[in-house]
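Reviewing the structure listed below.
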Amino acid sequence: MANVANEGASAKLPRWIRESGAGVDRQVTLLSLTSLVIMLGSSIISPGLPLYAREFGVSYAGAGLLVSAFAFGRLAFDYVGGALADRMSPRLLTTGGALLTAFAAFLCGLATSFEWLVCYRVIEGIGSAFYVTTIMALFARTVGPEQMGKAMGFYQSMILLGVSFGPTIGGFVAETWGLRAPFFVMAAFGVLVAALTWILVRPEVRVHGKATPRPPLSEVMRLVRRRPFVYVLVLTFYVFAIRAGTRSNLIPLYGGERGGLGASSIGIVLSAAAFANFVVLWHAGALIDRRGRQRITLPALAATAILCFCFGLSPGFVNLLVVGTGLGIALGYLAPAPAAMVADLTSREMLGAVIGVYRMAGDLGLLLGPVALGAVATSYGFEAAFFVGGAGALAALALGIGVPETLRPRTAEAHDVVTEETTRAGSTPD
């Protein structure tokens, strides 16, 4: 039934979506669109979230805690969600994760105290961890290695669309119906996604006709300690940290306080960076499938380092616009590679647990990036903070030099079960 629904739904998709997802499993395209919807719902609350927190009489730090609570819930349950993705029906996990997020959002809209509001935000993060980790594990199991980059590029572009348009919708909803209203809209989106994933997601993940076995924890730990996977985790942490640290923190403060730019000019810079990122994601995904992960990732890291250094040249509008757009392009070519490398290096039966570890690295970067770069800017200046950001790219580049290419085309049968020899071929000794 799910397959029939997939085929029927795919035929009704807009032409540009069908063409961009050409050659990729239909379920990837459809579930990327449901992820767009759930990210749209999650980002709808962002414009009014700090203001809503202030209505409870908390400080600016308290408002920041409310923002971080979601990331904390996701970080704490990324691995749990991934481990469950190896044991339970992906249909149940994705639907349950979306419903949990919707229920918590509904409770946020009804919150009577700040303490309960923070708790509900943590629960939202837990639901998001279950949903996102299961979706990524599902993609890695259903997409061949030669198409994983393109699949992740399409998926991440849909996530970016949701994040980009959600705040605009949320701001209008908050101004029209009040600061609690966006939470109810988010809850509605969550229920919609739950219904869609129940229809679209296949009930079971199977390897060679057998239910996916439970992966030993020792095997997961053995894999993540190897140099190629350490490199993937560092790369993932860096991409999330530099993206959040520059766009959400450094660029607005640097342009506003040092460059004298207004909110509209800063908004143009951030929008240009986000648009540039979106434009290159599909090409980046296809390129890492065709040319290899490392041949794209290492030059992109070098470009990222140079661009971070260039931010310090001037806080003026032109420099920030040009360099910010360039950074958006460089990060667009970096973003799809880590997830594709995880799929390359991991056997099908361990994908959920390992992707949970991968997601933890990204969420940790999301949490620490803005704080760390902000602390450097406070103590040593903005130029030093951008220099640290560039140095991080060079450190990841140095770690990646010598790591073998992980893309190793396999037959359809070999894609279903990755042998121990294949895993070792993409790794180096500890």
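Some points to look at:
- Within segment 335-349, the set of residues being in contact with a Pro (Cβ under 7 Å, 6 or more places away or on another chain) and either charged (D, E, K, R) or open to solvent by 10 Å² or more (accessible area, probe 1.4 Å) (or both) comprises D344, E349.
- Residue match in segment 171-187 (condition: of a type outside the set (A, V, I, L, M, F, W, C), within 24 Å of the chain's Cα centre (by Cα), modelled with pLDDT under 85 and part of a helix (DSSP H, G or I)): yes
- Meets criteria (within 30 Å of P228 (Cα to Cα) and assigned to a helix (DSSP H, G or I)) for L320: no
- Taken over segment 335-388, the criterion of being among the polar types (S, T, N, Q) and either closer than 30 Å to K150 by Cβ or under 19 Å from the mean Cα position of the chain (by Cα) (or both) is satisfied by T346, S347.
- Listed by first and then second residue, the pairs with beta-carbon distance under 6 Å, at least 6 apart or on different chains, first residue in segment 133-144 and under 15 Å from S347 (Cβ atoms) and among the acidic types (D, E), second outside any helix (DSSP H, G or I) and open to solvent by less than 10 Å² (accessible area, probe 1.4 Å), form an empty list.
- Scoring G144 on the criteria (1) in a helix (DSSP H, G or I); (2) closer than 23 Å to V357 by Cβ leaves a single failure, condition (1).
- Condition met for F309 (aromatic (F, W, Y) and either touching a Pro at 6+ places or on another chain (Cβ under 8 Å) or modelled with pLDDT under 95 (or both)): no
- Selected residue (criterion: modelled with the lowest pLDDT) from residues of segment 86-102 that are assigned to a loop (DSSP other than H, G, I, E, B) and either open to solvent by 10 Å² or more (accessible area, probe 1.4 Å) or not charged (D, E, K, R) (or both): R87
- Those helices (runs of 4 or more DSSP H) of segment 204-304 in which at least 2 residues are open to solvent by 30 Å² or more (accessible area, probe 1.4 Å), under 17 Å from L345 (Cβ atoms) and at pLDDT below 80, considering only elements entirely within it, cover 217-224.
- Residue within segment 363-374 that is in contact with an Asp or Glu (Cβ under 9 Å, 6 or more places away or on another chain) and within 24 Å of G125 (Cα to Cα) present: yes
- When G190, G166 are screened for being outside any strand (DSSP E or B), at pLDDT 85 or above and crowded, with 23+ Cβ neighbours inside 10 Å, only G190 passes.
- Single residue of A395, A353, A361 found to be surrounded by 15 or more Cβ atoms within 10 Å (Cβ to Cβ), at pLDDT 85 or above and among the aliphatic types (A, V, I, L, M): A361
- Being open to solvent by 50 Å² or more (accessible area, probe 1.4 Å) and either outside any loop (DSSP other than H, G, I, E, B) or touching a residue at least 60 places away in the same chain (Cβ under 8 Å) (or both) holds for only one residue in L51, L117, and it is L51.
- Scope segment 58-78; condition modelled with pLDDT under 80, part of a helix (DSSP H, G or I) and either open to solvent by 20 Å² or more (accessible area, probe 1.4 Å) or touching a Cys at 6+ places or on another chain (Cβ under 7 Å) (or both); matching residues: Y60, A61, G64, L65, V67, S68
- Only one entry in F172, F130 is closer than 13 Å to R359 by Cβ and either open to solvent by 30 Å² or more (accessible area, probe 1.4 Å) or without any contact (Cβ under 8 Å) to a residue 12 or more places away in the chain (or both), namely F130.
- Residue check for F309: over 18 Å from the mean Cα position of the chain (by Cα), in a helix (DSSP H, G or I) and surrounded by fewer than 20 Cβ atoms within 10 Å (Cβ to Cβ): yes
The values are calculated or read from the model by the stated rules, or taken from the named source; none is laboratory data. All figures in this text were calculated on a predicted structure; none of them were measured in a lab. FYI the Cβ positions are ideal-geometry reconstructions off the backbone, even for glycines, and counts take in every protein chain you see. Remember, those area values only see protein heavy atoms, side chains included, never the ligands or the DNA or RNA. Shrake-Rupley method; radii C 1.70, N 1.55, O 1.52, S 1.80 Å.
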